[in-house]
Every structure is written in structure tokens, then in C-alpha cells.
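Remarks on the structure that follows.
Laboratory data are not the source of any read-out in this text; all were calculated from the coordinates shown. Predicted, not measured: the structure shown is a model, and the values here were computed from it. Glycine also receives a Cβ, built like all others from the backbone with ideal geometry; neighbour counts cover every protein chain displayed.
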């Protein structure tokens, strides 16, 4: 039984996604005897925030869990060609690591790492896990970055098809994505398991915080509010900031004490370019530290995130589990993975069907009635997060996949 694993991610460990969605799983699985080499691509702007000694300490901390961290520099320019360069570099480094360690499993997170692994000779004896992380090509089209059926769209779809033909196990984020893959007939001649593992949340990290901790967190940023909506995340391509602000304006008409808090690492210039203005009397725009996010989310009365729904049936927003783990209901739009059914059926928020004032007013009324449930609602939110989106649930699913492949 070979429990050595090469895990390849095109996201960096120094970004917020991997500490939330990758390393917690690896730490849990390491307790079962798995030894990991984690290969990531780090952005220069992230590397510049750390000294060599600090980077070494991060690596040493992971080694305590049987995880060896190797990183390469992520290249953004020139556009498209830089990704090709990263793939070639990643291939040679992965080939060296695979020849040296003789991995039992190579686990790739997304299409780009998948292309890197595609070229590794299977004579090395590894099993292959393709962790899809949504529909890359369709999401770029929805964000206005690519044209559907354009050159890059077709290249990514061809890569996906090849990955499906070579993989030993597939992981998707939603039931809807699993159904769509099954309908393609890619696996009609192969017995391949397709596991659904949504973006999960560390229930302890995003648990309930004391009133003192929450008060101190708000005081640090000069935030005063009797009622608070919070949006955490990027302001760019895929998130509908204007529509969120419109919803907030309608809601603040019903409650004059309502404020809107935006937690992001993006610059406010992103909003200026979109001609979206922030009323400093009603809204706050801050750049919190990563470790401050859980306590700040606990300060919300409700979390809000609207996402461009174009072919987003394969998406699982990290924000959903984080808000629910904090005991907070959510305001979301329809068309995003399995979120609508989860929120609606369990009464842990409201779902916007159309972006117009009448719809907003109906959902605001529904939300305010829901908030009257107080602690009952908070308990229900946490119970839903624990049942469907907990880190332990996700780790158990990965454990089953790994166990099956290392028999």
C-alpha cells in the first residue's frame, strides 16, 4: 500500500484558498499515514510579504503533519503564454518529484495542474485524482474573459475531456456537475467514481465568538451598526457588487440603522472602474487580516454574495459554509451550484431569482421575518453547515477515495 501523494495546485499556499480548502484535509489525512508533497504556484506579490525565514517556518509547520511544501513562481504575463510556461516548468518539477518519491497517488486541483500531470508517464505507477473545482472555461466566458467556442475555451474543454479519460477518480463540487458529467458518456467504458465534495468549512475556526471579541473587532475598524450585512471576497469579474449594493439600498430603506461591510483585499479602484460608489455613511470598506475573518463574519446579521450565474452549476462558494458555521443566514442568487436548494430547503437564508426592486423587496421581507427567529435560526444555520459542509465530512469523503485507490 503506497501512501505517498503528490498534490498539485495552481493556487498558492500564501493565498487564502489553500489554507481553507486544501491543507486542512491534508493534515487530517496525514493521520492515516499519508505522506504528501504539496506543489504550489506562488504569486510574486504574496512572496514579497514574507522573509525567507518566515517561508521556512511555514514549511516546517507543515512538515510536522507529514507534508513537504514545494513551490514555483506563478507567472501572469505575458497573458496565456505565461500559463504555458508554468505548465512546462510544473511538468519537469513534478516528473523529478515523481521519479524520486514514487507516489502512489497524484492529486490535481483543477485543469491546469491536471495538464501538468497528464504528461507524467503512468509507468511510474501512480493513481490519478482529478479534482475539477468547477467549470473553468464556462466561468471565464461568464466573466467576459473568453468567448464561448473560442480557441482557449476549446483548449480547456479538450484538456478536461482528456483528463476525464485518464483519471482514476473524479471529484466535483456539486451534484449538478456530477449529473452533467455522467450525461456526457465520458466514462461509459470505465468504472470511475465521481465524488461530490463541496467547499467545506472548519466549524471550530468559524464557530461562535464572544460579544467582547466581536465588539473589539468592529471597534478596530471604526464600525458602528445596529444591523449589518457583510460581503467577504473579491470585487472583480464574477461577483455582482452593483446588484448587492442595490439590494442593500432597498433593505436600508426598511431599516435606517442597517450598514454594509465589505471585506476584501482588492483596492477600491475596482469599484471606481465599475462606476460603483460607496456611501461612507452606510457602508464600510476594509482590508482585514486573514485571521480576523471568522470573528468579523460573526458580527453580521446576514451574509450576502451575488455571483454571475452563467453556467455556474459546478460552483460551491466557500462563503456559504463560513457564514452558516457562524450561525448567520445568507442572501444569495439562484443558479449557483447546489446552493439554492440547500438554503431554501433548510430555511437558512433567502434566494434572489431576479435582480429587480420588486424581487428585492419580497426577499427583504422574507429575510427580516427569518431574522426574528434569533437563536433558533443561528442553531439551524450551524446544524446545516455541520451536516453538509463541515471539514470532517469532506475529509471522510477524501479518505474513502484515497483508501480505494491505495488498496
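If packing is taken as the average count of other Cβ atoms within 10 Å, what order do 86-92, 302-308 fall into, highest mean first?
Result, highest mean first: 302-308, 86-92.
Tell me, what are the semi-axes, in whole angstrom and largest first, of the equivalent ellipsoid of segment 56-138 as set by the roots of 5 times the Cα gyration tensor eigenvalues?
22, 18, 14
Using 0.36 nm times the number of residues separating residue 280 and residue 383, minus their current alpha carbon distance, what extension gain do you get?
Gain in length upon complete extension: 33.5 nm.
Cα centroids of segment 3-40 and segment 44-110: how far apart, whole angstrom?
11 Å
Can you tell me which of 57-66, 345-354 comes out highest on packing, and rank the rest after it, using the mean Cβ neighbours within 10 Å?
My ranking of the peptides, most packed first, is 345-354, 57-66.
What does the highest-first list of 230-239, 312-321 look like by mean Cβ count within 10 Å?
312-321, 230-239
Between residue 184 and residue 359, what length in nm is gained on full extension when 0.36 nm per residue of separation is reduced by their alpha carbon distance?
59.4 nm
Mind telling me which of 117, 149, 225 comes out most flexible in a GNM of the chain, alpha-carbon contacts under 10 Å?
149
Treating each Cα of the chain as an identical point scatterer and ignoring solvent, apply the Debye formula and state log10 I(q)/I(0) at q = 0.07, 0.13 Å⁻¹.
Per q value, in the given order, log10 I(q)/I(0) is -0.34, -1.20.
What whole-number distance in Å separates the alpha-carbon centres of segment 168-189 and segment 343-397?
Centre-to-centre (Cα) distance: 28 Å.
For segment 84-203, how big is the tail of P(r) above 16 Å, as a whole percent of Cα pairs?
Beyond 16 Å sits 65 percent of the P(r) for segment 84-203.
Sorted from largest down, give the three principal axis spans of the alpha carbons of segment 211-388, whole angstrom values.
38, 36, 31
Sorted from fewest to most neighbouring beta carbons within 10 Å, what does the list 151, 270, 384, 5 look like?
Arranged by neighbour count, lowest to highest, 151, 270, 384, 5 become 151, 270, 384, 5.
Can you give the angle from 0 to 90° between the axis of helix 391-405 and the longest principal axis of the chain, with both taken from C-alpha atoms, to the nearest 10?
Here the helix axis deviates by roughly 20 degrees.
Considering only 298, 11, 356, give the residue with the highest GNM mean-square fluctuation for the chain, with springs between Cα atoms whenever their separation is below 10 Å.
356
Give me the tail of P(r) for segment 283-407 as a percent: Cα-Cα pairs with distance above 22 Å.
42 percent
Output the Cα-based Rg and Dmax of segment 1-104 in Å, rounding Rg to one decimal and Dmax to a whole number.
Values for segment 1-104 (Cα only, Rg and Dmax): 14.0, 43 Å.
Classify segment 219-301 as rounded, prolate or oblate, taking a ≥ b ≥ c as the square roots of the eigenvalues of its Cα gyration tensor: rounded when a/c is under 1.5, otherwise prolate if a/b is larger than b/c and oblate if not.
Taking the square roots of the gyration eigenvalues as a ≥ b ≥ c, segment 219-301 is oblate.
Can you quote the Å³ per residue value for the convex hull of the Cα atoms in segment 119-177, rounded to an integer?
Roughly 93 Å³ of hull volume per residue.
Going by a ≥ b ≥ c, the root eigenvalues of the Cα gyration tensor, does segment 135-224 fall in the rounded group (a/c under 1.5), the prolate group (a/b larger than b/c) or the oblate group?
Oblate is the answer for segment 135-224, as a/c is 1.5 or above yet b/c matches or exceeds a/b.
Have a look at the DSSP beta bridges in the chain and tell me what percent are antiparallel, nearest 5.
0 percent
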